[in-house]
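Heads up, the thing below is written out as structure tokens.
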Amino acid sequence: MKTIPSDVDVVLPCLNEAEALPWVLERIPPGWRALVVDNGSTDGSAEVARAFGATVVHEPRRGFGAACHAGLTAATADVVCFCDCDASLDPSLLVPFVREVSEGEADLVLGRRRPQGRGAWPAHARAGNLALARMLRRRTGLRLRDLGPLRAARREPLLALGLTDRRSGYPLQMVVRAADAGWRIAEYDVPYLPRTGASKVTGTWRGTWHAVRDMSRVLAEAPGEAPAVERDAR
């Protein structure tokens, strides 16, 4: 039986997710640290997170990317994971992602969302994601089918990518700059559940449009000079 990799931080961007937090935090693998980044919650999310043993990071600047990057800069573990805080994704599914990164088989591992049940992934959000995946392929050559938020990579190389987007384009910018730097990127299917509460980004056509606009701006950037990831000598 393979052991669960240790020295892992899980970044959980959070905006009014008090109802979903217990389910999410109870599924953090043993020995890992949950970093709940409170992005201005008014429903007591920070207090719930602390009650379940999470470390709370406060990021007053609104934006999904701002919350994610605050968590990344607060992390201290060798490997950092990202997961939504709305109970749509199970953080225990990150174990094989982390193992693959730790063993040097991939530099960035992403979860390809497979909707489970009615309403798990609205048609407009799925259509926007598909369009972005096609644009990503033209920009980088990567044949990814999703740009999902469940992911794992080493902390220092992630910081070295110099990510600057602080809104919806942050997850895509991570992939684009990783591809430009020659990272090995893997993608695996994960179940995607109906979220708890209302979506702040893709719950409406308007929210989806703003997210696609942010990400399109990232794709329009010229290839950067992000340094190649350092790999263990094996």
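The values are calculated or read from the model by the stated rules, or taken from the named source; none is laboratory data. Bear in mind the structure is a predicted one, so any value in this text is a computation, not a measurement. Because the Cβ atoms are built from the backbone with ideal geometry, glycine has one as well, and the counts that use them run over all protein chains shown. Protein only, heavy atoms only, side chains kept; ligands, DNA and RNA dropped before computing areas. Shrake-Rupley method; radii C 1.70, N 1.55, O 1.52, S 1.80 Å.
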Trypsin sites (Lys or Arg not before Pro) in region 27-117 lying in a DSSP loop, each with at most 10 other Cβ atoms within 10 Å of its Cβ, come to none
Just to be sure I follow: if Rg is taken over the C-alpha atoms of the chain and Rh is the Kirkwood radius over the same atoms, what is Rg/Rh? 0.93
For region 1-140, what is the largest minus smallest coordinate of the Cα atoms on each principal axis, given in angstrom and ordered from greatest to least? 43, 39, 30
So what J values fall out for region 84-92 if you push phi through Karplus, 6.51 cos²θ - 1.76 cosθ + 1.60 with θ = phi - 60°, rounded to Hz, Gly and Pro as x? 5, 9, 10, 6, 7, 9, 8, x, 5
How high is the relative contact order of the chain? Use alpha-carbon pairs under 8 Å, at least six apart in sequence, and give a whole percent. 23
Across region 185-191, in residue order, what do the Karplus-derived ³J(HN,Hα) couplings come to in whole Hz, using 6.51 cos²θ - 1.76 cosθ + 1.60 with θ = phi - 60° and x for Gly and Pro? 10, 10, 9, 9, 5, 9, x
Carbon/sulfur fraction of accessible area - region 1-61, other protein chains in place, 1.4 Å, %: 53
Put +1 on the Cβ of each Lys and Arg and -1 on the Cβ of each Asp and Glu in the chain; which of LEU132, GLY44, THR55 then has its Cα farthest toward the positive end of the dipole? LEU132
Gaussian network model of the chain, Cα within-10 Å springs - most flexible of ASP84, ASP43, ASP165: ASP43
